[in-house]
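Chemist: Okay, handing you the structure first.
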Amino acid sequence: MLQPNIGEIVSISKGSKEVKIYKVLLLFLAFDIGRLLSFMEVSRTIMEKDLRTQEKETNEDLTNLGKKNKYVEKQLAEAQAQLKDIASLHFSVLPGVINH
């Protein structure tokens, strides 16, 4: 998601013609009454640095979410196995119960 933006920022010429880059800031007003968009001019190097930092943080978040997903799936599988064990134990202990 950030790769095209970083590529565009990097490809901006460092030549004689200066290209202005603006960063959009979303400001929330008190008590969630409204929002305000603000634009701030930043240098190309600052914008590139911010985007790379954002990309790194996003990749770390994705890695952590993947690990959490694997953990939850493992916990689910273990819980299902325990429920099956409990159910099979219950029905094997009570042979006189009518099976449904």
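Chemist: Find the residue count for the stretch 1-38, including only residues that are open to solvent by 100 Å² or more (accessible area, probe 1.4 Å), assigned to a helix (DSSP H, G or I) and at pLDDT 75 or above.
Modeler: Looking only at that region, the number is 1.
Chemist: If a residue must be farther than 20 Å from Ile6 by Cβ and in contact with a Phe, Trp or Tyr (Cβ under 9 Å, 6 or more places away or on another chain), how many such residues does the stretch 34-87 contain?
Modeler: Final tally of qualifying residues: 3.
Chemist: Counting only residues that are open to solvent by 80 Å² or more (accessible area, probe 1.4 Å) and in contact (Cβ under 8 Å) with a residue 12 or more places away in the chain, how many does the stretch 39-75 have?
Modeler: 5
Chemist: Another question, then. Would you mention how many residues in the stretch 48-78 are more than 29 Å from Lys20 (Cβ to Cβ) and over 14 Å from the mean Cα position of the chain (by Cα)?
Modeler: Within the stretch 48-78, residues that are more than 29 Å from Lys20 (Cβ to Cβ) and over 14 Å from the mean Cα position of the chain (by Cα) number 9.
The values are calculated or read from the model by the stated rules, or taken from the named source; none is laboratory data. Please read all numbers here as calculations on a predicted model, not as lab measurements. Cβ coordinates were reconstructed from backbone atoms using ideal geometry, including for glycine residues, and neighbour counts include every protein chain displayed. Keep in mind that these areas ignore ligands, DNA and RNA; they rest on the heavy atoms of the full protein, side chains included. Shrake-Rupley method; radii C 1.70, N 1.55, O 1.52, S 1.80 Å.
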